[in-house]
Amino acid sequence: MSEIRANSNEGGILNKEISLYKAAAIFFVVILVTVSILYSVGQKYFWQPSQAQNPLDRGLNYYLALVESEPDKPEHWVDLGWHYYKAGEFEEALDKHLTALEINPNHFGALYNAGLTYLQLSDHASAIDSLNQAVEINSENWEAHLVLGVALMGLEEWDQAEIALDTALGINRHSADTHFYMGYLLEQQDNMEEAREFYQEALSYNPELLAAREGLERVADTE
């Protein structure tokens, strides 16, 4: 991947005068795709390898029984946390992920899921801390780098976010979501030409990604 240099934020899209309606629409689209991506990516890290049935199909009582019978196994707390996460009970989910980390501070799934949950709670700083630890443990996990990039974008840490997203693309160049976020990041830096390329690339992998299509329309309007 060729080196990407983000332009100065001065004069960028965030500093342009746009209608209140358009600003709200852009914000809504980005939030919607973020939630969708975090939800789908989060599903990958709630394992019960010995079980044929997907843990997501099991009920709360099942997870409670697991943590009661084997409270020293962090993966049970992670699965229980995911059950609450899926139900939208993020405070409860975070409590379970943190319990897993008390048992094993280096548990990748617990760190990753804690990062996801902190993002849902809009605690970007804590999300970044958890995800930084996760990528130190598993540096080849592109999803963790992607979500770290999203968290960094939440604090407008554009340079660090670009590094995280670039790392994710270096591991897996076929992610429409990562291309979308890189395009969005470059759009914020007023780098419309490269943003357009990333939006187009995102659509080549997922033609149904509405946020990328709308991003492409926005940067086309600046020509």
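How would you rank 193-203, 174-184, 64-74, highest first, on the average number of other Cβ atoms within 10 Å across their residues? All intermediate terms of the calculation are to be shown ahead of the outcome.
Working: 193-203: 20.9, 174-184: 25.5, 64-74: 13.6.
Top to bottom by mean Cβ count within 10 Å: 174-184, 193-203, 64-74.
Peptides 105-112, 148-155: what's the order by average Cβ count within 10 Å, highest mean first?
Working: 105-112: 21.5, 148-155: 23.1.
Sorting 105-112, 148-155 by mean packing, highest first, produces 148-155, 105-112.
Work from the charge dipole of the stretch 55-148 (Cβ charges, +1 for Lys and Arg, -1 for Asp and Glu, about the Cα centre) and give the residue of ILE103, TRP77, HIS145 farthest towards its positive end.
Result: HIS145.
What is the packing order of peptides 123-130, 206-213, taking the mean over residues of other C-beta atoms within 10 Å and listing the highest first? Before the final figure, lay out the partial values.
Working: 123-130: 19.4, 206-213: 17.1.
Packing order, densest peptide first, comes out as 123-130, 206-213.
Per residue, what volume in Å³ does the Cα convex hull of the stretch 55-148 take up? Please report the intermediate quantities before stating the final value.
Numbers: hull volume 8.0 nm³, N = 94.
Residue-normalised Cα hull volume stands at 86 Å³.
On a full-extension model of 0.36 nm per residue, what is the gain between TYR205 and ASN61, subtracting their alpha-carbon distance, rounded to one decimal in nm? Write out the running numbers ahead of the final one.
Values: separation 144, 0.36 × 144 = 51.84 nm, distance 3.93 nm.
Once the chain is fully extended between TYR205 and ASN61, it gains 47.9 nm.
Taking the Cα centre of the stretch 55-148 as origin and charging only Cβ (+1 Lys, Arg; -1 Asp, Glu), how large is the dipole, in debye to the nearest 20? Walk me through the intermediate numbers first.
Numbers: 4 positive and 16 negative charges, 31 e Å.
My answer is approximately 140 debye.
With the other protein chains left in place, how much accessible area per residue, in square angstrom, belongs to the stretch 81-223 at a 1.4 angstrom probe?
Working: 5890 Å² over 143 residues.
The answer is 41 Å² per residue.
Please work out the FRET efficiency for the pair SER122 and GLU102, using the Cβ-Cβ distance as r and a Förster radius of 35 Å; give the result to the nearest 0.05. Mind dumping the intermediate values first?
Details: r = 24 Å, r/R0 = 0.68.
Computed FRET efficiency for SER122 and GLU102 comes out at 0.90.
Run the accessible area of the stretch 55-148 with a 1.4 Å probe and give the carbon-and-sulfur part as a rounded percent. Before the final figure, lay out the partial values.
Working: 1820 of 4030 Å².
Here carbon and sulfur together make up 45 percent of the probe-accessible area.
The values are calculated or read from the model by the stated rules, or taken from the named source; none is laboratory data. What you see is a predicted model; the values in this text were computed from it and never measured. Note that we place each Cβ from the backbone using ideal geometry, even for glycine, and neighbour counts take in every protein chain shown. Side chains included, ligands, DNA and RNA excluded: accessible areas come from the protein's heavy atoms. Shrake-Rupley method; radii C 1.70, N 1.55, O 1.52, S 1.80 Å.
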